[in-house]
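Quick one: the structure is below, questions incoming.
The values are calculated or read from the model by the stated rules, or taken from the named source; none is laboratory data. Model, not experiment: these values are computed from the prediction. Cβ atoms come from the backbone with ideal geometry, glycine included; neighbour counts cover every protein chain shown.
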Amino acid sequence: MQDFVYERPQTMAQAVALLRRGDARVLAGGTDLIAQMREGRRSVGCIVDIKRIGELTGILPLPEGGVAIGAAVTAATVSRSSPIAANFPAVARAARLIGGVQVQNRASLGGNICNAAPSADAVPALVCHAAEARIAGPTGTRQLPLETLFIGPGKTTIERGELLVSIVLPPPSARSAVAYLRFTPRREMDIAIAGAGTYLRLDQGGVIAEARVTLASVGPTPMRAPLAEQRLVGERPTRALLAEVGRCAARDARPISDTRGSADYRRSLIAVLTMRALGDCCGQLGMDLEASSK
Amino acid sequence: MNTLITCTVNGEERTALADTRDTLLELLRDRLGLTGAKEGCGNGNCGTCTVLIDGAAVCSCLMLAQEAPGHDILTIEGLAKADTLHPIQQAIVESGGTQCGFCTPGIVLSAKALLDANALPTDAEIRHAIAGNLCRCTGYGKIVEAIHSAATTLAGR
């Protein structure tokens with residue numbers, strides 16, 4: 001590992017100033033960064049430890065409802081937070097999938113996002129909740145839809161001198177639900193071969209008014225599934241519909257073949273995971289799919 | 001570069017001259033001589049480097065020594081009281097929940113963090129708590145049994 005300067009700023013302004021250095025990197029939990037540095041995959045001249053900055057380390061309820069989760073908040077804290085469990089249970093459950101307990105106690109939500117792995121477990125549930133990313137830079141802060149942050153494996157639109165501050169979750173709509181399911185060969189401590197997050201909002205008559213389907217590990221970034229989403233809107237959920245939507249999502253997926261699974265296998269998984277995640281949403285909404293399928 | 005690092009390890013304030021690049025694991029093993037925590041994979045998969053930071057299990061190989069000041073660190077060396085093993089250690093011995101022993105310090109500490117938060121965990125909760133600790137010898141059954149048994153002992157006090 002090359003030598004580096006270790007900085008522990010107390011304010012966002014200090015952090016942003018330090019990050020102007022081209023070889024500076026943000027340290028939150030370090031579960032990706034330190035492993036990458038030790039394996040010589042990343043050279044860093046200045047480490048900016050953001051865990052002493054108050055705005056980055058808390059879960060803040062917002063006046064209009066919803067919450068802002070500081071980028072340095074750990075996965076363990078997210079999974080145990082009562083405002084998140086109450087309004088965003090799929091996010092709490094996704095946080096429990098990141099590594100094992102030791103990793104969850106260190107890994108931050110912001111790191112899971114900024115590491116920009118196509119398999120990042122927290123991302124599909126957040127995107128399904130229409131999360132926004134709040135980013136601070138030398139000229140102030142900007143806020144953009146989380147899904148627009150990703151441009152490739154390990155690459156985001158966050159620029160040098162910028163810092164992810166928080167993930168903003170708007171209050172969930174009435175009659176809506178989110179679910180995230182992934183497939184791993186091992187039950188825990190594994191990277192998703194494929195994952196699917198789904199969001200459904202029903203109108204008062206039980207018809208799907210809005211839908212989001214977000215896929216993991218089947219493209220260079222976490223990705224929305226437009227065919228699947230279009231097929232859902234305006235319909236009443238039935239077993240047959242959910243199975244068909246799963247097949248749409250499989251067509252939306254852009255997987256590659258690698259050591260963890262072939263592209264065909266990943267597409268098959270997406271069809272099943274999407275169908276089951278939608279079924280989970282229907283269950284949360286108190287719908288009896290068997291009855292509505294008759 | 002070298003730097004002086006002061007932190008609380010096993011209840012004592014310790015100061016060591018460390019390399020600025022040292023991980024917490026290197027600080028513990030190479031500077032403080034506490035070799036109970038091991039390096040297995042070095043990337044957060046195996047859990048043999050597990051220590052408790054303010055009561056929470058973490059991989060000490062993925063934390064910089066420079067992050068340690070201000071935190072309370074517990075290693076396996078801090079668990080037994082003089083010659084008396086901690087009930088979790090005793091239960092591991094009695095249940096045969098160890099063979100080569102390489103993973104054992106990490107597993108005992110993961111179990112301690114679990115039982116401190118959840119006095120009588122279920123099988124599933126125990127297995128979740130030690131999912132980040134790989135054991136290639138035992139098959140986990142006797143480890144889970146030992147943690148149940150330690151839970152009962154600790155709850156009965």
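Consider A:ALA130 against the criteria (1) at positive phi; (2) not hydroxyl-bearing (Ser, Thr, Tyr); (3) not in a loop (DSSP other than H, G, I, E, B): it satisfies all of them except one. Which criterion is unmet?
Answer for A:ALA130: the failing condition is (3).
Take A:GLY195 and decide whether it is within 27 Å of A:ALA85 (Cα to Cα), assigned to a strand (DSSP E or B) and touching a residue at least 60 places away in the same chain (Cβ under 8 Å). Write out each step before concluding.
Numbers: within 27 Å of A:ALA85 (Cα to Cα): yes; assigned to a strand (DSSP E or B): yes; touching a residue at least 60 places away in the same chain (Cβ under 8 Å): yes.
Yes: the conditions hold for A:GLY195.
Residue-by-condition table, conditions (1) without any contact (Cβ under 8 Å) to a residue 60 or more places away in the chain; (2) in a loop (DSSP other than H, G, I, E, B); (3) under 20 Å from A:GLY161 (Cα atoms):
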{"residue": "A:MET1", "(1), (2), (3)": "yes, yes, no"}
{"residue": "A:TYR6", "(1), (2), (3)": "yes, no, yes"}
{"residue": "A:PRO9", "(1), (2), (3)": "yes, yes, yes"}
{"residue": "A:GLN14", "(1), (2), (3)": "yes, no, yes"}
{"residue": "A:GLY22", "(1), (2), (3)": "no, yes, yes"}
{"residue": "A:ARG25", "(1), (2), (3)": "yes, no, yes"}
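Can you tell me which residue among A:PRO220, A:PRO185, A:PRO255 is at pLDDT below 95 and either more than 28 Å from A:ILE84 (Cβ to Cβ) or outside any loop (DSSP other than H, G, I, E, B) (or both)?
A:PRO185
Kindly indicate the residue of segment A:52-81 that is within 16 Å of A:ALA15 (Cα to Cα) and not in a helix (DSSP H, G or I) and also nearest to the other protein chains (Cβ to nearest Cβ) among those meeting that condition.
By that ranking, first place goes to A:ARG52.
Just to be sure I understand, how many residues within segment B:1-36 are more than 28 Å from B:LYS81 (Cα to Cα) and of a type in the set (D, E, K, R)?
3
Here's another thing I want to ask about it. Cβ-Cβ under 6 Å, sequence separation 6+ or interchain: first residue in segment B:125-141 and within 11 Å of chain A (Cβ to nearest Cβ) and closer than 20 Å to A:ILE98 by Cα, partner at pLDDT 95 or above and in a loop (DSSP other than H, G, I, E, B). Which pairs?
Listed by first residue and then by second, the contacts come to B:GLY132/B:GLY47; B:ASN133/B:GLY47; B:ASN133/B:CYS103; B:LEU134/B:CYS46.
Here's another thing I want to ask about it. Give just the number: which of (1) crowded, with 23+ Cβ neighbours inside 10 Å; (2) away from every other protein chain (no Cβ under 12 Å); (3) over 18 Å from B:SER149 (Cβ atoms) does B:GLY44 not satisfy?
The number of the failed condition is (2).
Take the conditions under 24 Å from A:PRO118 (Cα atoms), free of Cβ contacts under 8 Å to residues at least 24 places away in the same chain and under 21 Å from the mean Cα position of the chain (by Cα) and apply them to A:GLU229. Does it pass?
Details: under 24 Å from A:PRO118 (Cα atoms): yes; free of Cβ contacts under 8 Å to residues at least 24 places away in the same chain: yes; under 21 Å from the mean Cα position of the chain (by Cα): yes.
Considered against the rule, which asks whether it is under 24 Å from A:PRO118 (Cα atoms), free of Cβ contacts under 8 Å to residues at least 24 places away in the same chain and under 21 Å from the mean Cα position of the chain (by Cα), A:GLU229 comes out as yes.
Say we look at segment B:100-140 and pick out the residues that are crowded, with 20+ Cβ neighbours inside 10 Å and not hydrophobic (A, V, I, L, M, F, W, C); which of these is modelled with the lowest pLDDT?
By that ranking, first place goes to B:THR138.
Got a number for residues in segment A:180-191 being away from every other protein chain (no Cβ under 14 Å) and either of a type in the set (Val, Ile, Thr) or under 13 Å from the mean Cα position of the chain (by Cα) (or both)?
Residues flagged as away from every other protein chain (no Cβ under 14 Å) and either of a type in the set (Val, Ile, Thr) or under 13 Å from the mean Cα position of the chain (by Cα) (or both) within segment A:180-191 amount to 3.
Among the residues of segment A:83-96, are any in contact with a Ser or Thr (Cβ under 9 Å, 6 or more places away or on another chain) and closer than 24 Å to B:ALA68 by Cα?
For segment A:83-96, residues in contact with a Ser or Thr (Cβ under 9 Å, 6 or more places away or on another chain) and closer than 24 Å to B:ALA68 by Cα: absent.
Across segment B:16-41, which residue is farthest from the chain's Cα centre (by Cα) among those that are within 24 Å of B:ALA80 (Cβ to Cβ) and surrounded by fewer than 17 Cβ atoms within 10 Å (Cβ to Cβ)?
Restricting to residues being within 24 Å of B:ALA80 (Cβ to Cβ) and surrounded by fewer than 17 Cβ atoms within 10 Å (Cβ to Cβ), the top hit is B:ASP30.
Right, another one. Give segment A:251-294 a look and list any residue that's among the hydrophobic types (A, V, I, L, M, F, W, C) and surrounded by fewer than 16 Cβ atoms within 10 Å (Cβ to Cβ), or say none.
Selection gives A:ILE256, A:ALA263, A:LEU285, A:ALA291.
Still on this model: Is at least one residue of segment B:119-132 β-branched (Val, Ile, Thr) and under 16 Å from A:MET189 (Cβ atoms)?
yes
Could you list, in sequence order, the residues of segment B:47-70 that are part of a helix (DSSP H, G or I), facing chain A (nearest Cβ under 9 Å) and more than 14 Å from B:GLY106 (Cα to Cα)?
B:LEU62, B:GLN66, B:GLU67 - these are the residues of segment B:47-70 that are part of a helix (DSSP H, G or I), facing chain A (nearest Cβ under 9 Å) and more than 14 Å from B:GLY106 (Cα to Cα).
So, B:ASN10, is that one at pLDDT below 95 and closer than 26 Å to A:TYR6 by Cα or not?
No.
Looking at (1) within 12 Å of chain B (Cβ to nearest Cβ); (2) surrounded by 24 or more Cβ atoms within 10 Å (Cβ to Cβ); (3) over 14 Å from A:ASP32 (Cβ atoms), which one does A:CYS128 not meet, given that it meets all the others?
The single condition A:CYS128 does not satisfy is (1).
Out of everything in segment A:1-51 that is farther than 17 Å from A:GLY154 by Cα and polar (S, T, N, Q), what residue ends up being nearest to the other protein chains (Cβ to nearest Cβ)?
By that ranking, first place goes to A:GLN2.
Confirm whether B:GLU77 is of a type in the set (Asp, Glu), away from chain A (no Cβ under 14 Å), in a helix (DSSP H, G or I) and more than 19 Å from B:GLU13 (Cα to Cα). Reasoning before the result, please.
Numbers: of a type in the set (Asp, Glu): yes; away from chain A (no Cβ under 14 Å): yes; in a helix (DSSP H, G or I): yes; more than 19 Å from B:GLU13 (Cα to Cα): no.
It is false that B:GLU77 is of a type in the set (Asp, Glu), away from chain A (no Cβ under 14 Å), in a helix (DSSP H, G or I) and more than 19 Å from B:GLU13 (Cα to Cα).
If you check every pair at least six apart or on different chains, which have Cβ atoms under 7 Å apart with a residue in segment B:61-75 that is free of Cβ contacts under 8 Å to residues at least 40 places away in the same chain first and a residue that is of a type in the set (A, V, I, L, M, F, W, C) second?
Matching pairs, first to second residue: B:CYS61/B:LEU25; B:CYS61/B:CYS49; B:LEU62/A:ILE34; B:LEU62/A:ALA35.
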